[in-house]
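The numbers here are math on the coordinates, done by the rules we state, and not lab data. Note that the coordinates shown come from a computational prediction; the quantities given were computed from them, not determined experimentally. All Cβ positions, even for glycine, are placed from backbone atoms using ideal geometry, and neighbour counts span all protein chains on display.
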Amino acid sequence: KNEVEQSPQNLTAQEGEFITINCSYSVGISALHWLQQHPGGGIVSLFMLSSGKKKHGRLIATINIQEKHSSLHITASHPRDSAVYICAALSGGGADGLTFGKGTHLIIQP
Amino acid sequence: DGGITQSPKYLFRKEGQNVTLSCEQNLNHDAMYWYRQDPGQGLRLIYYSQIVNDFQKGDIAEGYSVSREKKESFPLTVTSAQKNPTAFYLCASSMGLDRQGYTFGSGTRLTVV
């Protein structure tokens, strides 16, 4: 089964800082998802990546298939970016083929 | 736009009552999934269905039941046998066995008092 590790587990930063959240996985995958979960709120799907890089507003996601690693970057961070960010790796294993990381809890202070 | 609708967003129930969480998709996806999230843990698979009238247990199926009578709908019942039902529940779907087009609902937060 795929092992998915996220780092850091918790991150507190000041408004305006550049944020990086990392996700590593142990076996080859077909795609990787990044999800956002606000406190007490629901899940929002941010990106689905199979290679390269995607950008949406201030969010950028990259993936390196050879190194089995993905990063989520937030530029010009804002307090409304405070949330839990979850990566999920899609591979051929398991009933649903999806293994979730435990999440990175991000707090952006004004 | 196509997507997955989970309702309600927040749900409160008394201990000992069964409760059913709704999940509807209009993506024409064959496969649907239910996950549970507890604090500090990754999402875990409860049940999945790859086709209408068929479903399989996931990693933590005890205390839950599902049905798949229609392609669009995959309701999850949290029974009184589930020892710790308070959690966040997430529904997802994909096109089929190749898991293309994996799409997530927004989730339902269930609190049992």
Check: How many percent of the alpha carbon pairs in chain B exceed a separation of 23 Å?
Finding: 21 percent
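Excluding A:LEU11 itself, what net charge comes from residues whose Cβ is under 14 Å from its Cβ, given Lys and Arg +1 and Asp and Glu -1?
-2
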Notebook entry, point to check: Sorted by packing (mean other beta-carbon atoms within 10 Å per residue), highest first, where do A:44-56, A:14-26, B:43-55 land?
Noted result: B:43-55, A:14-26, A:44-56
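In peptide A:96-104, how many Cβ atoms from other protein chains are near each Cβ within 10 Å, on average?
So the per-residue partner count for this stretch is 6.
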Notebook entry, point to check: Considering only the other residues whose Cβ falls under 14 Å of the Cβ of B:LYS70, what net charge follows from Lys and Arg at +1 and Asp and Glu at -1?
Noted result: -3
Check: Equivalent-ellipsoid semi-axes (√(5λ), Cα gyration tensor) for chain A, whole Å, largest first?
Finding: 24, 14, 12
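Given charges of +1 on the Cβ of Lys and Arg and -1 on the Cβ of Asp and Glu, with all other atoms neutral, how large is the dipole of the range A:1-58 about its Cα centre, in debye to the nearest 20?
Roughly 280 debye for the range A:1-58.
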Check: If Lys and Arg each add +1 and Asp and Glu each add -1, what is the summed charge of the other residues whose beta carbon sits under 13 Å from the beta carbon of A:PRO39?
Finding: +1
Note to self: What number results when the radius of gyration of the protein assembly as shown, computed over Cα atoms, is divided by 2.2 N^0.38 Å?
What the structure shows: 1.01
